[in-house]
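The values are calculated or read from the model by the stated rules, or taken from the named source; none is laboratory data. Predicted model, so just to flag it, every value in this text is computed and none were measured. Ideal geometry is used to build each Cβ from the backbone, glycine not excepted, and the neighbour counts take in all protein chains shown. Accessible surface is based on the protein model in full, side chains and every heavy atom, while ligands, DNA and RNA are left aside. Shrake-Rupley method; radii C 1.70, N 1.55, O 1.52, S 1.80 Å.
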Amino acid sequence: MKSTIVKTLMVCIGLVTALACTDQKKEINYPKTDLAQVALIPKPLKVVPTNSAFGLDNKTVIFTNQNAKGFKEVGEFLATKIASRLKFTVPVNTSTDESVERIIYINQTDTLASDSPEAYQLYIKNDSVLLNARTAAGAFRGIQTLRQLIPEHSNDTLAEQPMWLIPTGKISDAPNFEYRGAMLDVARHFFTVEEVKKYIDILAYYKYNAFHMHLTDDQGWRIEIKSWPKLTEVGGKTEVGGEEGGFYTQDEFKDLVAYAAERHIQIIPEVDMPGHTNAASLSYPILNGNGKALKPYTGTRVGFSTFDAKKDTVYAFLDDVIREIAAISPSPYFHIGGDESHATKKNDYILFVEKVEKLVQKHGKTMVGWNEISQAKIDPSSVNQFWNEPHNALVAAENGNKIIMSPAKKAYLDMKYDTLSKHGLNWAAYIPVNDAYNWDPETYVEGLSKESILGIEAPLWSETISNSFELEYLAFPRAIGYAELGWTPAAQRDWADYKNRLVGQVPYMNYMDINFYRTNLIDWGD
Ligand code: TNX
């Protein structure tokens, strides 16, 4: 059998476009299934159904390209997900078992039409699935599509053991934007490592590739800084509403980074400054620049705190903070916040952003900041995150900066759905599920060209939420729609079609125990 597998593999690799891999032991008369009818989100670029099925069962094996970096791990990730959901083991690169009947082959190739590192192609035939990708990240996106193609129920009549029928055909896919992010504010309320991991796992299923963590704010400092220990000893002990807060040790943060990296998601750390810094100044009063007495803050107002932009100690402190975080953060980006610094004089704000940009660069990172940073003279390589002032985004684009699109009126996951919403704010808008989907990041800011847009990010501020249950109520299903806005070009997006595909996510959301908001804009079929 070993030689048969090798032969099958060689045929698969050699003849990717032909009908290969027909090393079948017994003919299975597969029922018709239609690849074009599966509820895939984000919608792939191109789907060509061939109206038969691949039977996924315990006689399936996974093989991956062995010398391409990260491909084996992608195969193992798929096997783990199959094992936990379908309750059988699929060997990866090891099987010599006589009973092997079908193969999933994950192959590195440089010949895809799209040059995106996340592009992939899936060829699904009766006896083989061939996934071609340029990089492991592309292969990882491809296996999310494959996971979504596995039906909820098995067919128990075709073979002795249950078989999950995956429709045959060809999918060619690549993302519209290179940056597809979600942000979680762990400062207003602390979220545990396990809670954050669950969110990341769901985001990965919808092909997100960036997770931005808002690690510090007036109400709490959430990351251990070894050279300034009071940040967590004092600043980590509070949160909105007066509960106990919390923080991540550097080891815990590294664990989160590694968990996200396994899912080809980068974590972008944010230290918000010079405003939103009450917790830091409370820990080290020398940093304070607003001249007022410091006390722990557990309310939800913004804009009252500031670092002292004129003090050398502040920059010595930030040098340490950025150095320590950069050392455990492989993302090329470091987010400095920079929003709502209403207690900082304008000249001080400009001086501060320019000095901090240098520190970020000194530690090998590209600076990201909320749209206000374009008031300063910043390096064209820095990134501007648009949330409320189109004018600032345009100034940034003119300066050569790339923009991350997070308009509060459309993309803020902390906005209520409607007046009845149990959690959330409404200062920017009510954002029902259809409004969250029906806008175009490419045309939202008039005068901003696609070339200037790095991608889209959906921030989830946590003034009104404090655990996974509440987080999921605001994030889902809207975050699923933002995944499609980041991946699928506008011409292929359609609310009526999306609505049906969203209903198709219910089995996954139930399986993952996601507390999604059952909006009555959608017929959930129950
Ligand atoms: C504005 S958006 C903020 C946050 C709040 C959020 C609440 C931004 C850059 N700043 O400090 O949490 O509104 O929606």
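Please report, as a whole percent, how much of the solvent-accessible surface of the chain comes from carbon and sulfur atoms (probe radius 1.4 Å). Please list the in-between numbers first.
Details: 10440 of 20290 Å².
Using a 1.4 Å probe with all protein chains present, the chain comes out at 51 percent carbon and sulfur.
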**Amide H contacts under 5 Å for residue 39, placed H, 5+ residues apart** = none
**Centre separation in Å (Cα based) which lies between region 207-235 and region 457-488** = 20
**Complete:** Surrounding charge for residue 410, neighbours by C-beta under 11 angstrom, Lys/Arg +1, Asp/Glu -1, total 0
**Asked** Against the longest alpha carbon principal axis of the chain, how many degrees, from 0 to 90 and to the nearest 10, is the axis of helix 250-262 turned?
**Response** 40
**Request:** Any chance you could give the angle, 0 to 90 degrees and rounded to 10, that helix 136-149 forms with the longest Cα principal axis of the chain?
**Result:** 60
**Complete:** Along principal axes, largest first, the alpha-carbon spread of region 342-419 in whole Å comes out as 45, 27, 24
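Please work out the FRET efficiency for the pair residue 251 and residue 446, using the Cβ-Cβ distance as r and a Förster radius of 56 Å; give the result to the nearest 0.05. Can you show the working numbers first?
Numbers: r = 46 Å, r/R0 = 0.83.
For residue 251 and residue 446, the calculated efficiency is 0.75.
Quick one: divide the alpha-carbon radius of gyration of region 263-347 by 2.2 N^0.38 Å and tell me what you get. Provide the component values of the computation, followed by the final result.
Numbers: Rg = 13.9 Å, N = 85, 2.2 N^0.38 = 11.9 Å.
That works out to 1.16 for region 263-347.
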**Prompt:** What list of whole percents do you get for P(r) of region 186-249, with Cα-Cα distances grouped in 10 Å bins up to the one holding the largest distance?
**Reply:** 23, 44, 25, 7
**Asked** To the nearest 10 square angstrom, how much accessible area does residue 348 have with a 1.4 angstrom probe?
**Response** 30
**Request:** Quick one: go through region 330-368 and flag any residue whose amide nitrogen is under 16 Å from the point 7 Å out along the Cα-to-Cβ line of residue 319.
**Result:** 355-364
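Please compute the Kirkwood hydrodynamic radius over region 50-108, one decimal place, Å, based on all pairs of different Cα atoms. Show your work: numbers first, answer last.
Details: mean 1/r = 0.0836 Å⁻¹.
After inverting the pairwise mean of 1/r, the radius is 12.0 Å.
What is the dipole size for region 427-475, taken about its Cα centre, with +1 at each Lys and Arg Cβ and -1 at each Asp and Glu Cβ, in debye to the nearest 20? Display every interim value, and only then the final one.
On the way: 1 positive and 9 negative charges, 3 e Å.
Taking the Cα centre of region 427-475 as origin, the dipole is about 20 debye.
For the pair residue 526 and residue 292, what calculated FRET efficiency results from E = 1/(1 + (r/R0)^6), where r is the Cβ-Cβ distance and R0 = 60 Å, to the nearest 0.05? Walk me through the intermediate numbers first.
Details: r = 54 Å, r/R0 = 0.90.
Efficiency, from the Cβ-Cβ distance: 0.65.
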**Item:** Cα-based convex hull volume of the chain per residue, rounded to whole Å³
**Value:** 143
**Equivalent ellipsoid dimensions for region 221-266 as semi-axes, Å, which come from the Cα gyration tensor, largest first** = 24, 14, 6
**Using alpha carbons only: equivalent-ellipsoid semi-axes of region 346-478, gyration tensor based, whole Å** = 29, 17, 13
**Complete:** Semi-axes of region 32-141 from the Cα gyration tensor (sqrt of 5 times each eigenvalue, largest first, whole Å) come to 21, 19, 13
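Please state the charge dipole magnitude for the chain, taken about the Cα centre, from unit charges on C-beta atoms (+1 on K and R, -1 on D and E), reported in debye and rounded to the nearest 20. Don't skip to the end; give the middle numbers.
Details: 54 positive and 66 negative charges, 137 e Å.
Approximately 660 debye in magnitude.
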**Additional length obtainable on full extension of the chain from residue 114 to residue 389, 0.36 nm per residue less Cα span** = 95.6 nm
**Request:** For region 441-483, count the residues as N, evaluate 2.2 N^0.38 Å, and divide the Cα radius of gyration by that value, please.
**Result:** 1.52
**Request:** Please give the per residue accessible area of the chain, computed with a probe of 1.4 Å over protein heavy atoms only, in Å².
**Result:** 39
**Asked** Taking only C-alpha pairs under 8 Å that are 6+ residues apart, what is the relative contact order of the chain in percent?
**Response** 13
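Taking a ≥ b ≥ c as the square roots of the Cα gyration tensor eigenvalues, with a/c under 1.5 meaning rounded and otherwise prolate when a/b beats b/c, else oblate, which class fits region 451-526? Intermediate results must be reported in sequence, preceding the final value.
Details: a/c = 2.30, a/b = 1.14, b/c = 2.01.
Oblate.
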